[in-house]
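Student: This is the structure, below, for whatever I ask next.
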Amino acid sequence: MHRYLPSKILVRAPNWIGDAVMCEPAVRGLRSLFPEAELTMLAKPAIAELFIAHPSLHRLLVYDDKGAHAGISGKWSLAGSLRRHRFDLAILFQNAFEAALLAWLAGIPRRYGYATDGRVFLLTEPIAVPRGSVPEHQVEYYWNLLRPLGLADGATLPTLLVSADEDRKADVRLASSGIDSSDLIIGINPGSTYGSAKRWLSDRFAEVAKRLVRRLEQTESAHVAVVVLGAKGEESLGEDIAAQLGSRSVVLSGGTTIRELMAVVKRCRLLITNDTGPMHIAAALGVPVVAVFGPTDWRTTAPYGQARSIVREAVDCAPCLLRECPIDHRCMTRISVDRVYEAAVQQIAGGAGLSGLSRLSGPDKTDQTDQTNVLSGYTIFLDRDGTLNHDPGYINSPDQFELFPGVPEALARLKRAGARLIVVTNQSGVARRFLTRDDLDAVHMKLQRLLNVAGVSLDAIYFCPHHPDDGCDCRKPNRGMIDQAVREWGVNLDQSYLIGDHTRDIELAKRIGARSILVTTGVVPPLEAESLKASGLIPDWIASSLAEAADWLLSDAGRLSAQLGER
């Protein structure tokens, strides 16, 4: 089937917010498989809102099963509407019988999906459900559905985008509640539409928030506010928590659309939450998360790419997947305020572990790496997509370009320490005609503007515009871009590091003799990073963010300098 090139594809999205976010990498993967095809997504209203302006999609169709498409007549009407679009392939990420029935009624000749819910006879290409001894993460479950179609490599991180206009509207709304655009925001999401068994205790959410507010105000001299989020029906829960805080807060429970929720979550320094849809939204927006897990399976629904985010109690009865606890709710009641607070401190500190907590407890007088020239004479080569910024696919507009949180600050630290910063990036989208050289220049101008705000600038940006099949010497892991930098900047490769999110970055570092750091913000998920050892491509360090990469790099360079000084 991988030789088949459909022209019009219907994508049936999952019905739950969290599942839809975890499906997002597979949507981008589908676009990469069939770059010339027209992709249309059929989704329920909330999910359709989540995917507004997604760069991989041409069209969104709303499945209103509570209104126009309710009942048998509504389903028949929807099938007729789909039939008029003349789709030639349906990809059913939604597992239910109904999804296959609608595709069949719509007369779509190829219907592709997992063989679930008794729908095998309605699928032309039923795919066996994975049956492993260890449950696979939902991100990988959706990604692996497309492997028989030719999708390779590992699943990428979910990525969501919020427009600049949505950012502005969120700022205006928060300002009306007394929260300034410069304030630090702690997000609290204490509810769960799935059932009470997934909810940690509300007074413990409040206590963690109070401690974090005090600590941040003391250590960062910042104004801190708390935003309580939630679904309709959870307003009283939010008000109860806000009443316990004794600090500036706003309750938005039941008061936001999906897009508004995304914009507010993006403003958060941290989101503390149960296992919910907003948890996945935050992770996909690059916001650090602390997720309290009880009856649900952390192995399948943890925030993808944030390995340190989970707090759970290992009890015999979990995961039970029950909506209501029939006994004493021990999976949640045994999780203390201290454990969640400590996880929150680590996440805010950049995931550096306990040794990194000094960043929240005042300056460490013994660590002056930001103020010294420990990186004088060093060059740091940086991958772009997945390392510095979210990677939604081929970025052809500045509006699609968003840096990961903490990137400008991390680069500023490296620059202050004396480093030369050079970006080396594969941009085959130029050869594939997904973007022009002018588009690429506009994106790089935005990158420079975003960094300039933090007082840092790049020394150079090199890019390979060629198609992978061209056999050029500049496409990573080939060293053409590095050799050009050596000629033009006099780079000493013995004093160089390379930071990237892909195995090809690590391979390039090995070829040029640079020390390497793999960040798990891109295509290599944290759970798979260790598997690099089997291939011999062992990075010198694996980091969960560019901030953590900068921590290690400064420490490593200082150690190497000390060793040279002793000789």
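Student: Given the conditions (1) part of a helix (DSSP H, G or I); (2) at pLDDT below 90; (3) under 25 Å from S253 (Cβ atoms); (4) of a type outside the set (F, W, Y), report the number of the one that V172 does not fulfil.
Tutor: Condition (2) is where V172 drops out.
Student: Which of the residues belonging to the range 79-96 are surrounded by fewer than 22 Cβ atoms within 10 Å (Cβ to Cβ) and either under 22 Å from I17 (Cβ atoms) or among the small types (G, A, S) (or both)?
Tutor: Once the filter is applied, which keeps residues that are surrounded by fewer than 22 Cβ atoms within 10 Å (Cβ to Cβ) and either under 22 Å from I17 (Cβ atoms) or among the small types (G, A, S) (or both), the range 79-96 yields A79, G80, S81, N95, A96.
Student: Residue check, A100 against (1) without any contact (Cβ under 8 Å) to a residue 24 or more places away in the chain; (2) over 15 Å from V11 (Cβ atoms); (3) surrounded by 23 or more Cβ atoms within 10 Å (Cβ to Cβ), all met but one. Which one?
Tutor: (2)
Student: Here's a follow-up. Are any residues in the range 443-453 buried (at least 17 other Cβ atoms within 10 Å of the Cβ) and either hydroxyl-bearing (S, T, Y) or over 26 Å from G490 (Cβ atoms) (or both), and if so, which ones?
Tutor: Residues satisfying the conditions are V443, K446, L450.
Conditions tested, residue by residue: (1) free of Cβ contacts under 8 Å to residues at least 40 places away in the same chain; (2) touching an Asp or Glu at 6+ places or on another chain (Cβ under 9 Å); (3) within 21 Å of G305 (Cα to Cα).
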| residue | (1), (2), (3) |
| --- | --- |
| N144 | yes, yes, yes |
| L160 | no, yes, yes |
| D167 | no, no, no |
| R173 | no, yes, no |
| I186 | no, no, yes |
| R214 | yes, no, no |
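Student: Considering the range 488-506 alone, what residues qualify as being farther than 20 Å from T156 by Cα, assigned to a loop (DSSP other than H, G, I, E, B) and not polar (S, T, N, Q)?
Tutor: Passing the criteria: G490, V491.
Student: Something else now. Please indicate, with yes or no, whether at least one residue in the range 186-196 is within 22 Å of L403 (Cβ to Cβ) and not aliphatic (A, V, I, L, M).
Tutor: Looking through the range 186-196, at least one residue is within 22 Å of L403 (Cβ to Cβ) and not aliphatic (A, V, I, L, M).
Student: Can Y462 be described as closer than 23 Å to Q400 by Cβ, within 26 Å of the chain's Cα centre (by Cα) and either buried (at least 18 other Cβ atoms within 10 Å of the Cβ) or in contact (Cβ under 8 Å) with a residue 12 or more places away in the chain (or both)?
Tutor: The answer is yes for Y462.
Student: Looking at the range 431-480 only, could you name the residues that are closer than 19 Å to S397 by Cβ and hydrophobic (A, V, I, L, M, F, W, C)?
Tutor: A431, F434, L435, L440, A442, V443, M445, L447, L450, L451, I461, F463, listed by residue number.
Student: Right, another one. Determine whether G386 is at positive phi and at pLDDT 90 or above.
Tutor: yes
Student: Working carefully through the options S196, S176, S181, find the one that is surrounded by fewer than 22 Cβ atoms within 10 Å (Cβ to Cβ), assigned by TED's automatic domain parsing to the domain that holds R214 and touching a Cys at 6+ places or on another chain (Cβ under 9 Å).
Tutor: When all the criteria are applied, what remains is S196.
Student: Continuing with the same structure: Is one or more of the residues making up the range 266-279 part of a helix (DSSP H, G or I), crowded, with 18+ Cβ neighbours inside 10 Å, more than 24 Å from the chain's Cα centre (by Cα) and touching a residue at least 60 places away in the same chain (Cβ under 8 Å)?
Tutor: No, the conditions are met nowhere in the range 266-279.
Student: Still on this structure, please answer the following. Counting only residues that are in a helix (DSSP H, G or I) and polar (S, T, N, Q), which one in the range 539-567 is modelled with the lowest pLDDT?
Tutor: In this case the residue turns out to be Q563.
Student: Among G187, G191, which is the only one that is within 22 Å of A20 (Cβ to Cβ) and either outside any loop (DSSP other than H, G, I, E, B) or hydroxyl-bearing (S, T, Y) (or both)?
Tutor: G187
Student: A follow-up question, please. Of everything in the range 103-121, what is in contact (Cβ under 8 Å) with a residue 24 or more places away in the chain and surrounded by fewer than 21 Cβ atoms within 10 Å (Cβ to Cβ)? Give them in sequence order.
Tutor: Result: L105, G107, R110.
Student: Now, a different point. From the residues in the range 52-91 that are among the polar types (S, T, N, Q) and more than 28 Å from the chain's Cα centre (by Cα), which one is farthest from V162 (Cα to Cα)?
Tutor: Taking the candidates together, the pick is S73.
Student: Among the residues of the range 136-154, is there at least one that is in contact with a strand residue (DSSP E or B) (Cβ under 7 Å, 6 or more places away or on another chain), modelled with pLDDT of 95 or more and either crowded, with 19+ Cβ neighbours inside 10 Å or over 20 Å from D19 (Cβ atoms) (or both)?
Tutor: yes
Student: Now for a separate question. Considering the range 177-231 alone, what residues qualify as being within 24 Å of the chain's Cα centre (by Cα) and of a type in the set (D, E, K, R)?
Tutor: Correct list: D183, K198, R199.
Student: While we're here: Can you find a residue in the range 518-526 that is touching a strand residue (DSSP E or B) at 6+ places or on another chain (Cβ under 6 Å) and either in a helix (DSSP H, G or I) or modelled with pLDDT under 95 (or both)?
Tutor: The answer is yes; a qualifying residue exists.
Student: If you take the residues in the range 395-418 that are over 18 Å from S545 (Cα atoms) and in contact with a Ser or Thr (Cβ under 7 Å, 6 or more places away or on another chain), which one is modelled with the lowest pLDDT?
Tutor: Of everything passing the filter in the range 395-418, D399 is modelled with the lowest pLDDT.
Student: When only residues in the range 289-312 that are hydrophobic (A, V, I, L, M, F, W, C) and in a loop (DSSP other than H, G, I, E, B) count, which is farthest from E24 (Cα to Cα)?
Tutor: Going through the qualifying residues, I end up with A307.
Student: If we scan the range 313-327, do we find a residue that is among the basic types (K, R), more than 20 Å from R269 (Cβ to Cβ), assigned to a loop (DSSP other than H, G, I, E, B) and at pLDDT below 50?
Tutor: The answer is no; no qualifying residue exists.
Student: Just to check your reading of the model, which residue among E324, E235 is touching a Ser or Thr at 6+ places or on another chain (Cβ under 9 Å) and surrounded by fewer than 17 Cβ atoms within 10 Å (Cβ to Cβ)?
Tutor: Among E324, E235, only E324 is touching a Ser or Thr at 6+ places or on another chain (Cβ under 9 Å) and surrounded by fewer than 17 Cβ atoms within 10 Å (Cβ to Cβ).
The values are calculated or read from the model by the stated rules, or taken from the named source; none is laboratory data. Since the model is a prediction, treat every value here as computed from it, not as a measurement. For neighbour counting, all protein chains shown are included, and Cβ atoms are generated from backbone atoms with ideal geometry for every residue, glycine included.
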